[in-house]
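Below you'll find the structure, written out as structure tokens, and then a few comments.
Every read-out reported here was derived from the displayed coordinates using simple, explicitly stated rules and does not represent laboratory data. Remember, it's a predicted structure, so these values are computed and weren't measured experimentally. Quick reminder, even Gly has a Cβ in these numbers, built from the backbone with ideal geometry, and neighbours come from all protein chains shown.
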Number of protein chains: 2
Amino acid sequence: MLEDKNQEKTSLEKLGEFGLIDHLTQHFKIQHKSTIKGIGDDAAVLDFKDKKTLVSTDLLIEGIHFDLSYMPLKHLGYKAVMVNLSDVYAMNARATQITVSVAVSNRFPLEALEEFYSGITLACELYKIDLVGGDTTSSTTGMIISITAIGEAVEEDIVYRSGAKPNDLLVVSGDLGAAYMGLQVLKREKEVFKVNPNNQPDLSAYSYIIERQLKPEARKDVVELLGKLNIKPTSMIDISDGLSSEILHLCKQGEVGCNLFEDKIPLDPTVISACEEFKLDSTLVALSGGEDYELLFTIDQKKFPDLKGNPNFTVVGHITDKHEGAHLISRNNSKIPLTAQGWNSFAKA
Amino acid sequence: MLEDKNQEKTSLEKLGEFGLIDHLTQHFKIQHKSTIKGIGDDAAVLDFKDKKTLVSTDLLIEGIHFDLSYMPLKHLGYKAVMVNLSDVYAMNARATQITVSVAVSNRFPLEALEEFYSGITLACELYKIDLVGGDTTSSTTGMIISITAIGEAVEEDIVYRSGAKPNDLLVVSGDLGAAYMGLQVLKREKEVFKVNPNNQPDLSAYSYIIERQLKPEARKDVVELLGKLNIKPTSMIDISDGLSSEILHLCKQGEVGCNLFEDKIPLDPTVISACEEFKLDSTLVALSGGEDYELLFTIDQKKFPDLKGNPNFTVVGHITDKHEGAHLISRNNSKIPLTAQGWNSFAKA
């Protein structure tokens, strides 16, 4: 699946560990003044002067976090970077550098790793990120990716998960549930492919949701937009595990409750139609689906006029006192307690 | 092997991802003023003011980098931290924070992960390091560890791999080859154990070399000592892959050659006797063994009086012009080109 079988493959063993990392990272250009020394020494050296440094890290395992049978390696590289940048943006900060470590079995050809790094290169170019470290090593079985993202911010701009106050508005960027529905389509096509490998499916009707799964974008633009609108959220988190789980994080850390209105949850029309096709409840998909990498934040009510009508944002609810708890207000006006149906990786294996 | 089979085990699934990381990290105390926000948000927030930030990362895979059949989990946690701190010290910098991500199968009991984290805790306490992030997730097969170390230094103190000049002295801290010989003893005992599980071997004669393998120490003390002696090396690297490979890094990046004197290579007497027992050449073991985590550096000849006679340091050679190449001067005075026999993880799998 990775490559046309007739192409020549280069074994990783031939290059060795040092040759490999040199080869894969030779085209990365340093874009930030804060990057004093990138790849090639024991550690990277960064200079943030009077700014604060932000650090976020993720470990992605084949078979748990991604499936190479429907995830092209270039997309995987791109997405792995997005997942990490998203955490830095969720602090209302600027992502500046990443380190990338990857382990693959030595049966993986060099060309496959090059594909993976081409996705990383593209992400770094588009998001203005310097690759400053990492390593490549072998794994006994599947592919393993570890990425650490580093960012900067002046102290007064940083937004934590804690900080939401009663009566604050609960806001999300973009729309939700698409990445999860894209995954359902890809999983179904994988089963179809097993039965009939010559089948050429027409997936054009699903292009939006598949792209949201395979090539998500971290919302750097949202952080920049909030800056332009002069809005500093009172709390913020990125939506990686599903809206429900993220709201509960904000409520727990802010020691507050909330009301989330079902009819306000932003859904793309293609998500609604895919949910009908797969006989899934679209609200549940938005609440528990995950991998949307949108931003969820709270703002003071006074700031509402500043983002009202902006197509990037949807007010989905408001913060309450802690003792009122966290609830979904359904379309028929019943009050349902929110539960963390976010992704528990240990329950899946 | 991990635990007494009669003990109660707690399944990871019960705790879930968020409960698990809370549980494992609850006893970590913040020790640095530079740690503004540690675990518990999208990213850690660090404040290095006018200092430079250093970042180093490592990915450790079961079956490639460690073997749980002779590596107790507590030692593994400790060693994983050391491997990363060593990279920061090799820049002549101060290590301040780490992030730790770990993936295990859900058949791993909580108690085993607690053991692993107790080693991380001990390392953090002894080396004054704040744990500021990371995650736990499941793996489909073995254990995977990803650690990122962060440090700080004022710019003029930072020592790179490049910088060695002809006539500089080549110096190593401590002694070499012990970690590799400790591994040989442990591998032999593993084979003996397979044949006779009731065998209780007396390993006291090997305690030094086994400890060097299972519980290496990163040379924070050497960096502090160099500071006290007012010695700033011209280049430096940590010895993770074997002396030969590391010398070649310094020569390549400094665009210089070198002469390494075989009779100067510091070997502990127990390494020499273990080499005799295993019929291995002790020079080859020091050159290619790896995992010693000592520091290799170059200094201006004028600085020689400042470290002369110091038991922590051994002058093993000197830097030459690039065109002279990198050579080992053997005991019988023959000149042998140094080759990178450092560990190539892709050739082993």
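A few comments on the model shown:
- Counting neighbouring beta carbons within 10 Å and listing from fewest to most, the residues A:323, A:75 come out as A:323, A:75.
- Pairs exceeding 31 Å between alpha-carbon atoms, taken from B:79/B:190; A:29/A:303; A:49/A:232; A:29/B:302; A:9/B:74; A:49/B:128: A:29/A:303; A:29/B:302; A:9/B:74.
- Cleavage-rule hits (trypsin sites (Lys or Arg not before Pro)) in segment A:288-337: DSSP loop, at most 12 neighbouring Cβ within 10 angstrom: A:308, A:331
- Sparsely packed loop sites in segment A:223-280 (the trypsin sites (Lys or Arg not before Pro) outside DSSP H, G, I, E and B with at most 10 other Cβ atoms within 10 Å) comprise A:279.
- Alpha carbon centroid spacing (whole Å) that separates segment B:127-186 from segment A:295-312: 46
- Cα shape, segment B:215-349, gyration tensor, a/c 1.5 rule: rounded
- Between residue B:9 and residue B:228, the C-beta separation translates, for a Förster distance of 51 Å, into a calculated FRET efficiency of about 0.60.
- Exposure proxy order (Cβ contacts within 10 Å, fewest to most) of A:224, A:246: A:224, A:246
- Residue order, fewest to most surrounding Cβ atoms within 10 angstrom, among B:120, B:39: B:39, B:120
- Contact order normalised by residue count of chain A, Cα under 8 Å, 6+ apart, percent: 21
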